[in-house]
Amino acid sequence: MKTLVGLYEDVATANQVVQELVQHGIARDDISLVVSDGAI
């Protein structure tokens, strides 16, 4: 198993990347998406 971490400016872009990973054969269950609203 390998781990890939990506940081994106907005949720829409992150969701697009998730969909592209799925289209390239990565199982959706193997993808985690963590979202922060940026509040401190």
Considering only region 2-20, I want to know if a residue exists there that is hydrophobic (A, V, I, L, M, F, W, C) and either in contact (Cβ under 8 Å) with a residue 60 or more places away in the chain or touching a helix residue (DSSP H, G or I) at 6+ places or on another chain (Cβ under 7 Å) (or both). no
Would you confirm, using the coordinates I've provided, whether VAL34 is part of a loop (DSSP other than H, G, I, E, B) and either surrounded by 12 or more Cβ atoms within 10 Å (Cβ to Cβ) or of a type in the set (A, V, I, L, M, F, W, C) (or both)? yes
Somewhere in region 7-19, is a residue surrounded by 10 or more Cβ atoms within 10 Å (Cβ to Cβ) and assigned to a loop (DSSP other than H, G, I, E, B)? yes
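Here, each number is a calculation from the coordinates, and none is a lab measurement. Everything numeric here is computed off the predicted structure, so don't read it as measured data. Don't worry about glycine lacking a Cβ; one is built from the backbone with ideal geometry, like all the others, and counts go over all protein chains shown.
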